[in-house]
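Okay, structure first, notes after.
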Amino acid sequence: MTVSVRTVLPRLLAGVCLLALASCGGRGPGEPPPIPSEQHLKPVSFSALPGWDQDMQAEALPALRRSCDSFQRRPDASRWVGPGSLGGTVEDWQRFCSDLHREFPPSRSASSASVREFLEARMQPWSVSSSGRPSGTFTGYYEAELKGCLKKTPRCQVPLYGPPPGVVTDTRKVPPLPSRAAIENGALNGRAPVLMYAEDPVDVHIMQIQGSGRVILPDGKAQRLGFAGSNGHAFKGLGRILLDHGILGPGQATMPFIRAWLKENPDRAGALMRENPRYTFFRVIRGDGPVGALSVPLTARRSIAVDPRYVPLGVPLWLNSVDPDHKPLRRLMVAQDTGSAIKGVVRGDFFWGPGEQALAKAGRMKSAGTWYLLLPRQSAPNH
C-alpha cells in the first residue's frame, strides 16, 4: 500500500499540465514534446497483451466515458497529449471519443468482445519500460469510510476541516500552516471551517492519507468529502512511524494491521499519529466520487493513478500484475488519478473502490507488474 499518496498530492493545485491531460510540452501540430530518455516504448500487437481476451472490457466503459467527457470539454484541440507524438493530439482523442459514444451509448448494453474489437481497430498498444526494465511496482488505494455527524455530539468529537479561507495550501510559495499536532490542539479554531465531525480519530487520519472518503451519518446517509489541500508539511506514513517505534514485525506493515493496532491502543495512538505533521483539508463533494486528478469520478477496479510525466491522464492502458492474494490482475484500466508517491515510468496505484472490502485489498497490495499504453493508431510515432 502507498500510505502517502492521497495527502501529499494537492489535487486542486495539480497544475495545468495534469488537468490538461497532457505532458507539459508544446502544442501541435508543431514539434511534440520529447519522450523522457528513461522511458522506452515499443509497439506490440494486442495478442501480446497477457490475458487480453479474458478481460471483461465492457466494465471499463464508464471509466472510458468519463475520460472522454473530459477530453470533449477541452478547447485546445491541437495540443499534444503525449508522450511525444505517440498519444496524438486532443483532437485525435475527441475523434476517438465521438466514435466511442456513437458505438456504445450509455443507454445500450455492450459486450466485452465488441469493446475489444472497437479498441483493436483504433488503438495501438505500446509496451513500456524504464531504462530497459519493463517491470514496475503497483500498489492500491481505496475510498475510506467513517462514521460521523453534521454537528458535534458526545460521539462525534473529531473535526473534519475545510481549508482556512484565503489560504493557499500545498504550495512552496507560502509558509506552511501549523503542524498536525498544533491543529489538533486548536491552532485553527475559528480560522478553518468545520465541515462535520467524526467518531474515531484513527479513521480520520486514514481518510486524510487516502485524501477522500465517505462520512456515514447517523441516519444512514453518506456525505462524500474530497481533497482540498494540506498544511504543507512533509508527510510521514503510519507504517514508518510504527516501524521506528519497534511496534511492527515482519509482514505487519499493512494498513489493515496498522489501523487495528491503533484502535486497540488508543492511549498511544494519538501521540504516534501526531508524528505525521501533514494535515489534510477536505471539501464537500456533490454527486459521484471520489474525484481524481482528472477531475472526474473514479471507477472502482478500472481507474488507476499514474505519474503524468510518463502516462497522460485520461488514456487507457493494459495492466498485467497480480492482486494481494497473488491472483492475476490483467485488465483494461484508465489513467485518471495521480499521487506524490506514484513516481516512475512503470508505477501505478490501483483504485479498489470504497469501504472495508476495498481496504482489505488496497491495504495489502504491493505487486510487481508491467503495463502497455493504448494510444491512437493515426498518431505518427516520434520516439
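Name the strands (runs of 3 or more DSSP E) wholly inside region 276-374 in which the number of residues that are at pLDDT below 95 and surrounded by fewer than 24 Cβ atoms within 10 Å (Cβ to Cβ) is 1 or more.
Per the criteria, 280-285, 347-354.
How many residues, within region 61-88, are open to solvent by 10 Å² or more (accessible area, probe 1.4 Å) and of a type outside the set (Ser, Thr, Tyr)?
12
Could you tell me whether region 93-108 includes any residue that is in contact (Cβ under 8 Å) with a residue 12 or more places away in the chain, farther than 16 Å from Leu64 by Cβ and not polar (S, T, N, Q)?
No, the conditions are met nowhere in region 93-108.
Only one of Asp99, Asp69, Asp92 is within 23 Å of the chain's Cα centre (by Cα), among the charged types (D, E, K, R) and closer than 16 Å to Pro316 by Cα; which? Before you say what the answer is, go through the steps one by one.
Working: Asp99 fails: within 23 Å of the chain's Cα centre (by Cα); Asp92 fails: within 23 Å of the chain's Cα centre (by Cα).
One residue alone meets the criteria, Asp69.
Rundown of residues vs (1) surrounded by fewer than 17 Cβ atoms within 10 Å (Cβ to Cβ); (2) part of a strand (DSSP E or B); (3) aliphatic (A, V, I, L, M), yes/no style:
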site	(1), (2), (3)
Arg102	yes, no, no
Ala110	yes, no, yes
Ser114	yes, no, no
Leu119	no, no, yes
Gln124	no, yes, no
Ser127	no, yes, no
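The values are calculated or read from the model by the stated rules, or taken from the named source; none is laboratory data. Source: prediction; values computed, not measured. Every residue, glycine as well, gets a Cβ built from its backbone with ideal geometry; the counts of neighbours run over all protein chains shown. Keep in mind that these areas ignore ligands, DNA and RNA; they rest on the heavy atoms of the full protein, side chains included. Shrake-Rupley method; radii C 1.70, N 1.55, O 1.52, S 1.80 Å.
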